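Here the structure comes first, spelled out in structure tokens, and everything after it is commentary.
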Amino acid sequence: MNNLLRLIGNRLLWLPIMVFGVTVLVFFLMSLSPIDPAFSALGENASPDQLEAYRVEHGLNDPLIVRYGDYMAGFFHGDLGTFGPSNQSVSARIATALPITLQLGFFGFIIAIVASAILGVVSALYRDRWPDQVIRIFSIACIATPSFWLSVLFILLFSSTLHLLPASGALPALTQDPGGWLARMAMPGIALAVPLTGQMTRIIRTSMVEELDKDYVRTARGFGIPYGTVVARNVLRNALITPVTVLGLKFGYMIGGAVVLEVIFALPGMGMAIVSGVTSNYVMLVQGVVLVVAITFIIVNVIVDMLYILIDPRIRTV
């Protein structure tokens, strides 16, 4: 138990250090942008005096290290700056956009986990037989299918032709209208999950096959323990170690994929926020969105690291 707590404590200790590193990287990279935040906020009709007054008011003429300190002070108070002519709050924009991106990312993630776990286990148990061959072909097809291309096909089939699912419109709250939420999220969620399903199916199958070929499985069968019991109690748990590690890295790609699909399906998430920020030259908005997405990725990976420690008892004894 002490070893387990020490390992988890080390992961948590590195969390603020990694977050600090991300803030430094994002801030200083964005500071290299040739776009003038004052010009973006006030527009092309602003006079030089108005632009200069805006720069002074928002500290844009201060040294870079001073601006970073001011930005971090605001960051710890939940203030990521403002954007646009009306000085809209970046934090408020992210507060409405991030939950939608996380909902889509987690929804696609859950679909991929459930589908790949079932397909991977079945493929391994029926190794080199027809179910295995069919699943392997299906997984390769999934890997080769881009989410954005599949999204267009879904819209053409289920929205434009069959009129079964909406491709745009408001996203109902999950707690208030689960059916409406599911109908709105079905196409982007499945499109997001398909490539990951193919990848994870192959990883789970390989991991399962390696475990099934180990001596402890033959020994347990020799003692008369039912095959299903050995698979459920031992093989599955040991085979999950590698897939869980890979899933932590893949979740970041799921968030990135969700950002792209939000634009296709007109979901007002982080994807739409960053697109509007780039097209309108809102540097502070782009900076805030990139920073929050990066921090989300780090936090998720730290959580996955801790799950990995809990699943694999060998790590706790190191």
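The values are calculated or read from the model by the stated rules, or taken from the named source; none is laboratory data. The shown structure was predicted, so the numbers you read here are calculated from the model rather than taken from an experiment. No Cβ is skipped: glycine too gets one built from the backbone with ideal geometry, and neighbour counts run over all protein chains shown. Heads up: the accessible areas ignore ligands, DNA and RNA and are worked out on the full protein's heavy atoms, side chains in. Shrake-Rupley method; radii C 1.70, N 1.55, O 1.52, S 1.80 Å.
Where residues in the range 87-141 are assigned to a helix (DSSP H, G or I) and among the basic types (Lys, Arg), which of them is modelled with the highest pLDDT? The qualifying residue modelled with the highest pLDDT is Arg136.
Restricting to the range 229-240, name every residue that is assigned to a helix (DSSP H, G or I) and crowded, with 17+ Cβ neighbours inside 10 Å. Across the range 229-240, the qualifying residues are Val230, Val231, Val235, Asn238, Ala239. Failed condition for Pro85, given (1) open to solvent by 40 Å² or more (accessible area, probe 1.4 Å); (2) in contact with a Leu (Cβ under 7 Å, 6 or more places away or on another chain); (3) touching a residue at least 60 places away in the same chain (Cβ under 8 Å); (4) not small (Gly, Ala, Ser), with all others met? Among (1) open to solvent by 40 Å² or more (accessible area, probe 1.4 Å); (2) in contact with a Leu (Cβ under 7 Å, 6 or more places away or on another chain); (3) touching a residue at least 60 places away in the same chain (Cβ under 8 Å); (4) not small (Gly, Ala, Ser), Pro85 violates only (3).
Restricting attention to the range 247-270 and to residues that are more than 14 Å from Gly189 (Cα to Cα), of a type outside the set (D, E, K, R) and at pLDDT below 80, the residue that is surrounded by the most Cβ atoms within 10 Å (Cβ to Cβ) turns out to be Leu247. Close Cβ contacts (under 6 Å, 6 or more residues apart or on different chains) running from residues in the range 165-179 that are within 15 Å of Phe107 (Cβ to Cβ) to residues that are open to solvent by less than 50 Å² (accessible area, probe 1.4 Å) comprise Leu165/Ser159; Leu165/Ala183; Leu165/Ala186; Leu165/Met187; Leu171/Arg184; Pro172/Gly180; Pro172/Trp181; Leu174/Trp181. Taking the numbered list (1) over 22 Å from Gly256 (Cα atoms); (2) of a type in the set (Ser, Thr, Tyr); (3) open to solvent by 40 Å² or more (accessible area, probe 1.4 Å) in turn, Ser207 passes all entries but (3). In the range 142-164, of all residues being under 17 Å from Gly180 (Cα atoms), without any contact (Cβ under 8 Å) to a residue 40 or more places away in the chain and assigned to a helix (DSSP H, G or I), the one that is most open to solvent (accessible area, probe 1.4 Å) corresponds to Phe158.
Taking the range 123-134 as the range and being of a type in the set (A, V, I, L, M) and surrounded by fewer than 18 Cβ atoms within 10 Å (Cβ to Cβ) as the test, only Val134 passes. Take the residues in the range 271-299 that are in contact with a strand residue (DSSP E or B) (Cβ under 9 Å, 6 or more places away or on another chain) and outside any helix (DSSP H, G or I), then tell me which one is surrounded by the most Cβ atoms within 10 Å (Cβ to Cβ). Residue satisfying both the conditions and the ranking: Tyr282. The single condition from (1) in a loop (DSSP other than H, G, I, E, B); (2) of a type outside the set (A, V, I, L, M, F, W, C); (3) in contact with a helix residue (DSSP H, G or I) (Cβ under 7 Å, 6 or more places away or on another chain) that Ser168 fails is (3). Note on the range 53-76: residues that are within 25 Å of the chain's Cα centre (by Cα) and either open to solvent by 60 Å² or more (accessible area, probe 1.4 Å) or not assigned by the TED database to the domain that holds Gly21 (or both) total 1. Just one of the numbered conditions (1) open to solvent by less than 50 Å² (accessible area, probe 1.4 Å); (2) within 15 Å of Leu291 (Cα to Cα) is not true of Ala41: (2).
A search for C-beta distances below 8 Å between a residue of the range 23-50 that is outside the structural domain of Ile298 (by the TED database) and touching a residue at least 60 places away in the same chain (Cβ under 8 Å) and any residue that is assigned to a helix (DSSP H, G or I) and of a type in the set (Gly, Ala, Ser), counting only pairs 6+ apart in sequence or on different chains, returns Val26/Ala294.
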